[in-house]
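Values quoted throughout were computed directly from the atomic coordinates according to the rules given, and no laboratory measurement underlies them. What you see is a predicted model, and the numbers here were worked out from it, not measured in a lab. Cβ placement follows ideal geometry from the backbone for every residue including glycine, while neighbour counts extend to all protein chains displayed.
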Amino acid sequence: MLNESGKQTKDRLIKDLIVSVNDLQNKFQRDDGQEKQWLIHNSSTPVIAQLVKDMTVKMLHVLSAIGELEPVNGITISKQFGFSKGNVSKITRRLADKKMIHFEFLPDNRKQILFRTTQLGKEINLLHRTLHDQIDIGVNHFLQRYNEEELRFLVNVFQETLHTSWIHSEINEESIALSNRASHTKVESDTDKAITDSDGMNEVIELLNKLDSRSLKKAKAILNDVFFSVYED
């Protein structure tokens with residue numbers, strides 16, 4: 001059990017973390033704006049620059065998904081990004097209106113709509129991928145400053161955050177017990193060994209070391225959903 005001093009320190013650190021997460025959300029929003037400015041500045045034609053200027057971040061993501069998975073239907077895109085089907089339908093209509101994608105139908109099922117990128121959509125996706133290549137280098141360089149133990153800790157925090165709800169009033173006693181045990185040196189050692197022996201966790205660590213911009217976007221989406229519930233019009 002934590003003594004009073006230890007509890008006060010822990011409470012202060014939790015408050016500091018909440019403030020940092022809010023600051024991180026603000027940084028994500030600024031970064032999205034900077035990325036869009038980069039796309040506009042590096043567009044090959046004024047037409048593409050104007051199209052990018054008028055696009056939302058979600059439109060860029062959906063266009064990118066169509067380019068990677070085409071021909072693809074709305075259900076697949078919805079599952080890929082966690083967007084509602086209605087949201088995907090609205091975005092794809094806007095992309096089609098701007099001549100970035102076109103619709104096609106299966107010969108034996110006229111109700112099944114598939115999406116493909118047009119030449120204009122392909123050019124915007126190429127520009128978007130070029131930006132992500134630069135982000136990949138920056139993210140990897142940033143994460144290299146952390147050692148393996150620190151990366152394992154980050155993976156653990158993100159995994160638990162992903163599967164935890166702050167809305168439910170019930171307290172997960174098992175999670176608290178695990179957290180308390182983690183404060184003891186011997187159990188920390190046993191936990192590290194268990195993590196080391198886990199093929200799944202090792203794979204996650206490898207992915208984190210190679211974190212690309214698409215994975216970063218998903219991490220940002222997780223933080224938005226879990227901490228902020230921020231949705232873009």
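When the C-alpha to C-alpha distance is required to be over 31 Å, the pairs from 79/111; 10/58; 27/122 that qualify are 10/58. For residue 3 and residue 140, the FRET efficiency from 1/(1 + (r/R0)^6), where r spans their Cβ atoms and R0 equals 41 Å, is about 0.50. With only the Cα atoms considered, region 1-140 has a convex hull volume of 161 Å³ per residue.
Counted residue by residue at 0.36 nm each, then reduced by the alpha carbon distance between them, the extension gain from residue 30 to residue 53 reaches 6.7 nm. For 103, 158, the sequence from fewest to most other C-beta atoms within 10 Å is 103, 158.
Among 108-120, 7-19, the peptide with the highest mean count of other Cβ atoms within 10 Å heads the list, and the full ranking is 108-120, 7-19.
Dipole check for region 14-130: with +1 at the C-beta of Lys and Arg, -1 at the C-beta of Asp and Glu, and the Cα centre as origin, the magnitude is about 360 Debye.
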